[in-house]
Amino acid sequence: MTKLIQLTDVSAGYNDTIVLRDVNFEINDRDFIGVIGPNGGGKTTLIKVLLGLLKPARGTVTRFDDASDGFIGYLPQTTQVDKKFPITVLDIVLSGLMSSRGRVYRYSRHDNDTAHQLLAQMGIGGLAHRTSKELSGGQLQRVFICRALISNPRLLILDEPNTYVDNRFESDLYERLIELNKKMAIIIVSHDVGTISYYVKTIACVNEYLHYHRSNIITEQQLADYNCPLQIITHGDVPHTVLQKHEHDHSHNHESHD
Amino acid sequence: MTDTVFELFSYGFFRNAFLASLLSSVACGIIGSYIVARRMVFISGGITHASFGGIGIGYFLGINPIVGAVIFSLLSAFGIRLASQRSDIREDSAIGILWSLGMAAGIIFIFLTPGYAPNLMNFLFGSVLTVSKTDLWMMLALTVLTVTFFSAFYHTILFISFDEEYARSHNAPVELFNYILLALVALAIVLHIRVAGIILVISYLTIPQTTANIFVSDLKRIIFLSIAISFIGSVAGLLISYYLNLPSGATIIFVFILVFAIAKTIRSISQRAGLKRAIRKA
C-alpha cells in the first residue's frame, strides 16, 4: 500500500485553543475513510491540517507527493464562497488545475474539454457558460466536485458533501465515489454517519482526539469508548445514526427520521 | 460656447481631458471591476478619504500633494488589512478609523499651512479640465501596469478572488496577490483624485462596473463593458458640462447614473417580457 499522507503527534488549533490533540493518522492509496464526530469536535480542523491550510501547533504532517497534477482534490462546504461573484462555471472547474498550470498559464483546449466532460458526467453539461449566481446550491456543489476532480488527484477530500444535494443526487454521488475509489483515496466528512458508514471502508472518529476504526461496522459501545458518542438508529438496509454530544440536551426531533 | 466638438479638440485642455477620460476608463474599468467583484467598495472609500491626510501634509511640507496622497493611501490600505488580520479589530471598524484619521489630519495640516491652498477644491471635487501633462503620464503608467498585470495573471486573480481558501490549498500566493492588488487599488484611487476628486472618485470605480454587471456576470466581460461605459459616459459628461457650463466631475457622474438607470430599466422590462413569454409557452 502506498502511503499518501502521515500525521505524527499532531496537535492543532486556533489562537490559544487546541482543537485537535496528539493525532497519529495515515492515509494510504485507495482508502475510503468516513470522518465523523460532533460539531466543534475538530473534523474541519483535521481537513485543514491535511490540506496544509493550518500549520499544526505541534507534530508533523508528511505528504508523499509524487508531483502528480494536483495531489489533493478538495470539496469545501459551499457556504464559504460568494455566490454572486462574477465567474463562469467553466472557470470554476478550471481553477482545480491552479497548482499544476503556473500563474500565467492560459488553459488549453484539452483542459477545456476535460472540464466539459466532467460537467456532463455530473449531469450539468449545459451549464458550462452560466455564472455562479445562476446556479442552485446543489448545482454549485456539483461544479465544485468537478473542480476537485479535474486534476485527477491521488486523494479526494469532501467536507459535508450532502449539505445541499437532493436525495437522488446523493445516492448517485456515493455510487460515483465508489467508482472513483478504484483510482484514488477518499476522505468524506459527514454528520450523516449512518449513510456514509454504508459506503466507506473505515471510520475516523474525531472529538479532540482521533480514534481510527479500521472497519465500517461500528457499535454504539465502540463509539462511546472512542469518546465520540453516537446513537445508531437502524432502518432496514441503511443504518441511520444521529450524533449526540455529551453536554447539551439534543434538540433534534428523532421521530422525524422514521 | 458655440464651438463644435471638432473645434474643442484644438484646445490643449480639452485634449488632455479627453486623454484623461480614456486612460481613467481603462484603469478604473479593470480595478473597479475587481473592487465590485470582491465587495471592496467600502475599503476603497476608506483609502480615498485617508489619502486626504497625505494631501494636507504635502501642502504643509510644500511637496506635491499627490506624493503625500500615494504614501497615505498605501499605508491605510495595508493598515486596514493588517489590523483586521492580526488583531481583534474588524475590517469595517478599521476602515472607519483610518477614514476619519486621514480626513482629520488633512484638515489640520491645511489649516497649519500658511496662506491659501489654491487648488484644494480640485482635490475635493476633481477637475478633469485642469489635468496636467505630469498627471497624464502618471495615469498612463498606472494604466500600462494594470493592463499588464491583469492580462498576465487574469486566471490567478480570478481564482484567488473567488475562493481564497481553495487557492491557498493549491499553494497559490494568495497574500502576495492580495497586497499587489490592494496597492493597485490605492494607486488607482489617488491618481483619479485629480480627475474626480476625493468625494466622487468612488463613482468611477463602482457605477460603470455595476451597470456592466446588469448585463454580464463574468469578470472579464464586466471589465470590457465597464471600460466602454466609462469612456462613453466620461466623454458625454465632458461635452454636456462644456455646453451647459456645469462642473465636469459632477456632470460625468450624473451621466453614469443616468446610464445605470436606463440599463436597469431595460433589463427589468426585458426580464418581465421573457417571463411572460415563458408562461405563455408552458
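Stokes-Einstein diffusion for the range A:85-150, with the hydrodynamic radius set to the Kirkwood value over Cα pairs and evaluated at 4 °C in a medium of 1.567 mPa s, equals 110 µm²/s.
Percent of C-alpha pairs per 5 Å bin in the range B:14-281, short distances first: 1, 6, 12, 16, 17, 16, 13, 8, 5, 3, 1, 1, 0, 0, 0. Here the sum of -39500 (n - 2.57) over DSSP H runs of 4 or more residues, divided by the residues of chain B, equals -29500 deg cm²/dmol at 222 nm, to the nearest 500.
Cysteines of the protein assembly as shown lacking any other cysteine Cβ under 4.7 Å from their own Cβ: A:146, B:28.
Sorting B:280, A:176 from the fewest to the most surrounding beta carbons within 10 angstrom yields B:280, A:176.
Shielding of B:147-156 by partners, i.e. mean partner chain Cβ atoms within 10 Å per residue? Mind dumping the intermediate values first?
Values: counts 0, 0, 0, 0, 1, 2, 3, 3, 12, 7.
Counting Cβ atoms of other protein chains within 10 Å of each residue's Cβ and averaging gives 3.
Debye calculation, C-alpha points only, no solvent: report log10 I(q)/I(0) for the range B:102-215 at q = 0.09, 0.22 Å⁻¹, in the same order as the q values. Each listed q corresponds, in turn, to -0.36, -1.27.
In plain terms, if you count all Cα to Cα distances in the range B:66-125 and split them into 10 Å steps from zero, the share in each step is 19, 45, 25, 10, 1 percent.
Taken over the alpha carbons of the protein assembly as shown as equal point scatterers, the Debye sum produces base-10 log I(q)/I(0) values at 0.07, 0.11 Å⁻¹ of -0.52, -1.03.
Exactly which chymotrypsin sites (Phe, Trp or Tyr not before Pro) in the range B:102-202 are in a DSSP loop and have at most 15 other Cβ atoms within 10 Å? Mind showing how you got there, number by number?
Details: sites: B:109, B:111, B:116, B:123, B:125, B:137, B:149, B:150, B:153, B:154, B:159, B:162, B:166, B:177, B:179; in loops: B:116.
When the chymotrypsin sites (Phe, Trp or Tyr not before Pro) of the range B:102-202 are filtered for loop state and at most 15 Cβ neighbours within 10 Å, B:116 remain.
By the beta-carbon count within 10 Å of each Cβ, the least crowded to most crowded order of B:48, A:131, fewest first, is A:131, B:48. Of all lysines in the structure, the ones whose alpha carbon falls short of 17 Å from that of residue A:43, not counting any fewer than 8 places away in one chain, are A:55, A:245.
With the cut-off at under 20 Å, measuring from each backbone N in the range B:167-211 to a point 7 Å along the Cα-to-Cβ line of residue B:246 picks out B:195-209, B:211.
Quick check on my link table: of A:48/A:201; A:3/A:133; A:84/A:182; B:133/B:264; A:48/A:83; B:220/B:281, which ones sit more than 32 Å apart, alpha carbon to alpha carbon? Kindly include the intermediate steps, with their values, before the conclusion.
Working: A:48/A:201 22 Å; A:3/A:133 40 Å; A:84/A:182 36 Å; B:133/B:264 37 Å; A:48/A:83 22 Å; B:220/B:281 34 Å.
Beyond 32 Å: A:3/A:133; A:84/A:182; B:133/B:264; B:220/B:281.
Over the Cα atoms of the range A:143-210, compute the convex hull volume and normalise it per residue, giving Å³. Can you show the working numbers first?
Details: hull volume 6.9 nm³, N = 68.
Expressed per residue, the convex hull around the Cα atoms of the range A:143-210 is 102 Å³.
Using every pair of distinct Cα positions in the range B:156-202, the Kirkwood expression returns a hydrodynamic radius of 12.0 angstrom.
Where a number appears in this text, it was derived from the coordinates with a stated rule and is not lab data. This one's a predicted model, so the numbers in the text were calculated from it and none came from an experiment. In this analysis, Cβ positions are derived from the backbone assuming ideal geometry, glycine residues included, and neighbour counts consider all displayed protein chains.
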